[in-house]
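Engineer: Sharing a structure with you now.
The values are calculated or read from the model by the stated rules, or taken from the named source; none is laboratory data. What you see is a predicted model, and the numbers here were worked out from it, not measured in a lab. Cβ placement follows ideal geometry from the backbone for every residue including glycine, while neighbour counts extend to all protein chains displayed.
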Amino acid sequence: MTRKTIAPKDIDFDSLGRRDYFVKVEHPTTWGHYLVPITVIVGPQAEAGKGMVAFGSTHGNEYEGPVAIKNVMRSIKTEDVLGRVILVPVLNASAFRSGTRDSQEDGGNLNRVFPGEEHGTLTQRFAYLVTEFIFPQVHVVLDLHSGGNVATFPGVSSFHHVQDEAQFQEMQSVAQGFGCPFTMIYQDETPVLLTSTAERLGKITIGTELGWGESVVLDGVKMGERGVLSAAMSSKQLKEYPLAEKVCSDQKLVDGSSVDASHLAPCSGLLEPKVVVGDQVSAGELVARIHNF
């Protein structure tokens, strides 16, 4: 695959066919750019402001999303795209290059700076690329995360409570398309997330946690591929494709939007789990011990 290197303003979101770009994000303190890989595929039924985008590696050490999106890029045929499909396997090119959650250039967490700034820090510029140039082209937004080195997940697609009931129901439906063991409604007290920014623009917005341990979890890749294809089809941007079997046929919807849904360790130490991630537990049950040596 040959990618054309261009400025954000030169991305062609409208012409029929497929275009593979490296989109330049200027470094704020040196004469150079980071290159964000973006693939745009436009079909004959594309409408203004309608489309689906899938992002990988908003955090640089979360790898299931980039692999899943790259696999989707290889599998879908241009002639099968009806509307507009945008695939960004690696959004945070700086953090991905260093294999870290946050950018080593400015210490920024890309998922905490939206909507970004055109002339801000490098991390803010990545966010600005998304909100200024990509969001206006789509109505479905997928942000594929994993636990990296900070958390372990059983495989979950997620969304927030929103006031618009139709938007909320459609988000739940799209989230279920990933085939994860869990779909989760999660807290929305952090307004500068990629997902919360997209939701406030009225978009059908899904996040995920597809793995852990800065590795490439096989089931996480499968869930990512399935979710991207499912969302593209359900939003009428892609013809019907056969989907892989769900990783878990008995999906559970959990509400993690309350403050009481999370329990943070009260001290540092070595954590000894007493249950398996994804197990059902009851109030008062011992879930872990913290060993202080």
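Engineer: Considering segment 224-266 alone, what residues qualify as being within 17 Å of Met52 (Cα to Cα) and not in a loop (DSSP other than H, G, I, E, B)?
Structural biologist: Of everything in segment 224-266, those that are within 17 Å of Met52 (Cα to Cα) and not in a loop (DSSP other than H, G, I, E, B) turn out to be Gly224, Glu225, Arg226, Gly227, Val228, Leu229, Ser230, Ala231, Ala232, Met233, Ser234, Leu238.
Engineer: Only one of Asp219, Asp260 is of a type outside the set (Ser, Thr, Tyr), over 29 Å from Thr131 (Cβ atoms) and surrounded by fewer than 14 Cβ atoms within 10 Å (Cβ to Cβ). Can you tell me which?
Structural biologist: The match here is Asp260.
Engineer: Can you work out which of the residues in segment 198-223 that are in a loop (DSSP other than H, G, I, E, B) and of a type in the set (D, E, K, R) is modelled with the highest pLDDT?
Structural biologist: Lys203
So that you can scan it fast, the table gives a plain yes or no per residue for (1) in contact with a strand residue (DSSP E or B) (Cβ under 7 Å, 6 or more places away or on another chain); (2) modelled with pLDDT of 95 or more:
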residue	(1), (2)
Gly17	yes, yes
Glu26	yes, yes
Thr29	no, no
Ala46	yes, yes
Lys50	yes, yes
Asn61	no, yes
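Engineer: I'm checking my understanding of the structure. Among residues of segment 59-77 that are of a type in the set (D, E, K, R) and part of a loop (DSSP other than H, G, I, E, B), which one is surrounded by the most Cβ atoms within 10 Å (Cβ to Cβ)?
Structural biologist: Step by step, filter segment 59-77, then rank; the result is Glu62.
Engineer: Residue pairs, Cβ under 9 Å, 6 or more apart or interchain, first in segment 265-277 and under 23 Å from Phe182 (Cβ atoms), second exposed (fewer than 10 other Cβ atoms within 10 Å of the Cβ). List them.
Structural biologist: Leu271/Ala265; Leu271/His291; Lys274/Leu286; Val275/Leu286
Engineer: Additional query: Suppose we keep only residues that are among the charged types (D, E, K, R) and assigned to a loop (DSSP other than H, G, I, E, B) within segment 157-197. Which one would you say is modelled with the highest pLDDT?
Structural biologist: Asp164
Engineer: Just to be sure I understand the filter: pairs with C-beta atoms under 9 Å, separated by 6 or more residues or on different chains, first member in segment 22-36 and among the polar types (S, T, N, Q), second member surrounded by 14 or more Cβ atoms within 10 Å (Cβ to Cβ) and part of a loop (DSSP other than H, G, I, E, B). Which pairs pass?
Structural biologist: So the pair list comes out as Thr29/Glu105.
Engineer: Quick check, is Ile76 more than 15 Å from the chain's Cα centre (by Cα) and touching a residue at least 60 places away in the same chain (Cβ under 8 Å)?
Structural biologist: Yes.
Engineer: For segment 1-58, give me each residue that is under 23 Å from Gly227 (Cβ atoms), among the small types (Gly, Ala, Ser) and outside any loop (DSSP other than H, G, I, E, B).
Structural biologist: Ala54, Gly56
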